[in-house]
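The values are calculated or read from the model by the stated rules, or taken from the named source; none is laboratory data. Since we're looking at a predicted model, the values are computed, not measured. When we count neighbours, we look across all protein chains shown, and the Cβ atoms used for this are built from the backbone with ideal geometry, even at glycine.
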Ligand SMILES: [Fe+2]
């Protein structure tokens with residue numbers, strides 16, 4: 001457990017030092033980073049269309065048999081109409097080859113065709129995995145102040161920045177977010193991958209901003225690259241982004257406040273579910289947590305959040321099929337990606353934007369835009 005003294009000091013600082021949101025218009029501070037080319041504008045041109053191998057196989061095999069069993073001047077005669085199937089190909093073996101050998105070659109051809117189609121589909125999925133998706137959902141929140149109806153949150157996660165230059169998926173996310181207006185931006189950990197990525201991460205947090213608040217909760221890679229929460233705070237808070245690690249923040253918004261809280265990283269931090277749970281139970285709260293597996297570890301009656309946003313899994317990063325990962329990192333729990341309804345409230349698990357390797361399979365990068373609405377009309381007090 002981290003010292004209560006530090007924690008109390010942080011909470012005290014939050015309670016006594018209300019967030020001072022930057023009044024800079026979102027569009028103004030969302031200026032895009034310099035980059036030369038958006039690879040997603042021409043993704044299809046890089047993938048050559050797969051030839052229709054299956055329809056040509058009988059002809060190919062026929063020519064092969066012909067060349068081996070007859071001289072070139074004596075081509076194999078075309079099959080008669082009665083020998084043609086409905087697709088126009090012969091179902092009978094040519095002269096000079098046994099039925100068994102013929103069907104063996106047919107099976108081999110079908111196998112080659114299946115492998116070709118499978119490889120083509122995988123390459124398409126691999127290439128398409130570079131395109132960033134925007135996941136949108138409206139969440140109904142019991143007890144939400146009606147003045148907060150329509151409040152919009154954006155989540156950016158797992159960017160794994162390794163240098164000053166952003167990777168294509170992150171540049172694409174910045175372009176997409178530039179078209180949005182959101183009240184609160186949440187960074188849910190693993191924002192930088194190495195210490196060399198601190199500059200690029202700082203640029204990210206200065207560039208992608210909420211109109212009312214920009215919040216951050218640390219992930220395991222942020223800890224691994226920075227060694228301490230103190231170092232993480234120094235980097236993040238220098239960008240006017242607020243760190244939420246076992247802390248909560250009442251964000252001033254529309255004449256009221258929206259509570260946002262963050263749990264510290266499960267693997268390298270020291271999550272304090274007691275402090276965070278107390279904050280969650282007081283009022284509808286947006287919770288930031290890097291590893292979704294933490295949500296399975298919470299005790300009964302811990303509390304119910306307005307919505308919880310997390311990342312860490314990358315949706316499996318390399319999957320056999322959508323949401324069928326080969327392996328998931330420790331701390332993922334039973335979650336892969338997408339929306340889950342838990343006893344602690346709705347949970348979104350982002351696939352994030354980056355990773356140790358620049359390619360994905362059946363786990364495309366994403367950002368999420370979440371709109372909050374009261375679950376029921378506000379009851380008017382009798383006059
Ligand atoms: Fe992580």
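General observations
- With respect to the conditions (1) within 16 Å of the ligand (Cβ to nearest atom); (2) farther than 27 Å from residue 363 by Cα, residue 188 falls short on a single one, namely (2).
- Residue that is modelled with pLDDT of 95 or more, more than 16 Å from the ligand (Cβ to nearest atom) and more than 28 Å from residue 147 (Cβ to Cβ), where the choices are 204, 215, 258, 266: 204
- The residue list 308, 283 contains one member that is away from the ligand (no atom under 16 Å from the Cβ), touching a strand residue (DSSP E or B) at 6+ places or on another chain (Cβ under 6 Å) and modelled with pLDDT of 95 or more, which is 283.
- In region 164-208, the residues that are surrounded by fewer than 22 Cβ atoms within 10 Å (Cβ to Cβ) and assigned to a loop (DSSP other than H, G, I, E, B): 164, 165, 167, 178, 179, 180, 181, 194
- Hits in region 218-235 - residues which are within 16 Å of residue 186 (Cα to Cα) and either within 16 Å of the ligand (Cβ to nearest atom) or part of a loop (DSSP other than H, G, I, E, B) (or both): 218, 219, 222, 232
- Test: residue in region 315-335 that is modelled with pLDDT of 95 or more, closer than 30 Å to residue 146 by Cβ and assigned by TED's automatic domain parsing to the domain that holds residue 147: no
- Index of the failed condition, residue 296 passing every other in (1) part of a loop (DSSP other than H, G, I, E, B); (2) at pLDDT 95 or above: (1)
- Only one of the listed residues (166, 126) is out of contact with any strand residue (DSSP E or B) (no Cβ under 6 Å at 6 or more places or on another chain) and at pLDDT below 95. That residue is 166.
- Some residue of region 145-156 being assigned to a helix (DSSP H, G or I) and surrounded by fewer than 18 Cβ atoms within 10 Å (Cβ to Cβ): yes
- Within region 345-369, being more than 10 Å from the chain's Cα centre (by Cα) and assigned to a loop (DSSP other than H, G, I, E, B) holds for 355, 356, 357, 358, 359, 360, 362.
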